[in-house]
Amino acid sequence: MVTWIALTGLASVASVVSLTLTGPGGRAPAPLEWGAGPLTVAALPRITYVAHRGGAREVPENSMAGLAAAYERGTAQVLDFDTRLLRDGTPVVFHDETLNRTTYLGGEVRGLDAGEWQGVRLRPKDRLPGSWRSERPPTVAEVLDRFGGRIVLMLEAKDPRSLDRLAALIRARGLTRSVFVNSNDPEVARRVHRLGLLAQLWRSAEQLRTDRPERWRSFVDLLDVDHRARDADLVRAVNSGIARVWAHTVVTDAQRDRVLALGCSGVITDAPGRLARAAQRGARP
């Protein structure tokens, strides 16, 4: 059962005002471009920046407007978002099990169907820079249609039951080499691999203390490690034989510099714009 929390004042929320981030010479950095086919992971740079939930310290998390802003600013080469299933099996872009934290409603996400989802509106945080309008959280299909093949995507399957549906959406758009499918469970990552998709496995600092990542190298395309892990655990992950080891969730220059110095090849961050500006001022890439 969905509980109404607040709906007053929605009409007065302003439209999105995107922040412009400038590159060298004052030019805004261009988004990644693609040729005759969809852009794939093969196009990623040596050090990759990921906009976590679109860059949750800079934009409303898991929103279409936030993902679009991150794409247009060009400060990340991968857009990350979370997915959950509605009651009727529709995959939508959302992090929590309940609507309470980020919308004007309450109740479980899985309690709604696609028609009822049309009435959900995100509640942008007051501390976000800029001005953002309230909008409906997108479906996974909508995000794939908007950005698929234009930039690499990373989606976390919060509900493993969604894997077949997610695989069908990704395959139908020819994006099997353009979308990482993320989970904290090695067996779910194995299923992702068997479905012919790019498997991403994230691990906490505590899990990394006892993990043996080399066991996963046959089916994990991307190991997503907690930046708070011990140096030795991060180095063991980097040396596991898994092609890509990226660190989450980085928000400061010092955190970024440490994980890159230890051999990680990607930074998953809530603040891609700020870290990009710092790099332009001379921080290590």
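Since every read-out is calculated from the coordinates, none of them should be taken as a lab result. None of these values were measured; they are calculated from a predicted model. Positions of Cβ are generated from backbone atoms using ideal geometry, with glycine treated the same way; all protein chains shown enter the neighbour counts.
In this structure, the amide hydrogen of residue 49, modeled 1.01 Å from its nitrogen in the peptide plane, lies closer than 5 angstrom to those of 77, 78, 267, counting only residues at least 5 positions away or on a different chain.
Based on alpha carbons, the Rg and Dmax found for the range 31-180 are 15.0, 44 Å. Distance distribution note for the range 133-285: the fraction of Cα pairs above 19 angstrom is 57%. Working note: Karplus 6.51/-1.76/1.60 with θ = phi - 60° gives the range 253-263 the couplings 4, 5, 4, 4, 4, 5, 5, 5, 5, 7, x Hz, where Gly and Pro are set to x.
Given R0 = 41 Å, the distance between the Cβ atoms of residue 87 and residue 252 translates into a calculated FRET efficiency of 0.55. Between residue 161 and residue 136, the modelled labels are 2.3 nm apart [label points 7 Å from Cα along Cα→Cβ].
Phi-derived couplings, Karplus 6.51 cos²θ - 1.76 cosθ + 1.60 at θ = phi - 60°, listed residue by residue for the range 205-217: 4, 5, 5, 5, 4, 10, 5, 10, x, 4, 5, 9, 5 Hz, with x used for Gly and Pro. Relative to the 2.2 N^0.38 Å rule of thumb, the range 227-269 has a C-alpha radius of gyration ratio of 1.01.
For residue 277 and residue 204, the difference between the fully extended length at 0.36 nm per residue and the C-alpha to C-alpha distance is 23.5 nm.
Taking label positions 7 Å along the Cα-Cβ direction at both residue 231 and residue 146, the computed distance is 4.2 nm, reported to one decimal. Under 5 Å from the amide H of residue 262 lies no amide H of any residue 5 or more positions distant or on a separate chain, with H modelled from the backbone and absent for Pro and chain starts. In order along the range 187-195, phi translates into HN-Hα couplings of 5, 5, 4, 4, 5, 4, 4, 5, 7 Hz, rounded to whole numbers, per the Karplus curve 6.51 cos²θ - 1.76 cosθ + 1.60 with θ = phi - 60° and x for Gly and Pro. How high is the FRET efficiency between residue 194 and residue 125 when r is their beta carbon distance and R₀ equals 45 Å, given to the nearest 0.05? That gives a FRET efficiency of 0.70.
Taking amide H as placed 1.01 Å from N in the peptide plane, the amide H of residue 244 sits under 5 Å from that of 223, each at least 5 places away or on another chain.
A protection proxy built from the mean count of other Cβ atoms within 10 Å ranks the segments 42-50, 270-278, most packed first, as 270-278, 42-50.
Spin-label pair residue 47-residue 116: with each label point 7 Å from Cα along the Cα-Cβ axis, the two points sit 4.7 nm from one another. The orientation-averaged projected area of the convex hull spanned by the Cα atoms of the range 182-253 comes to 4.6 nm².
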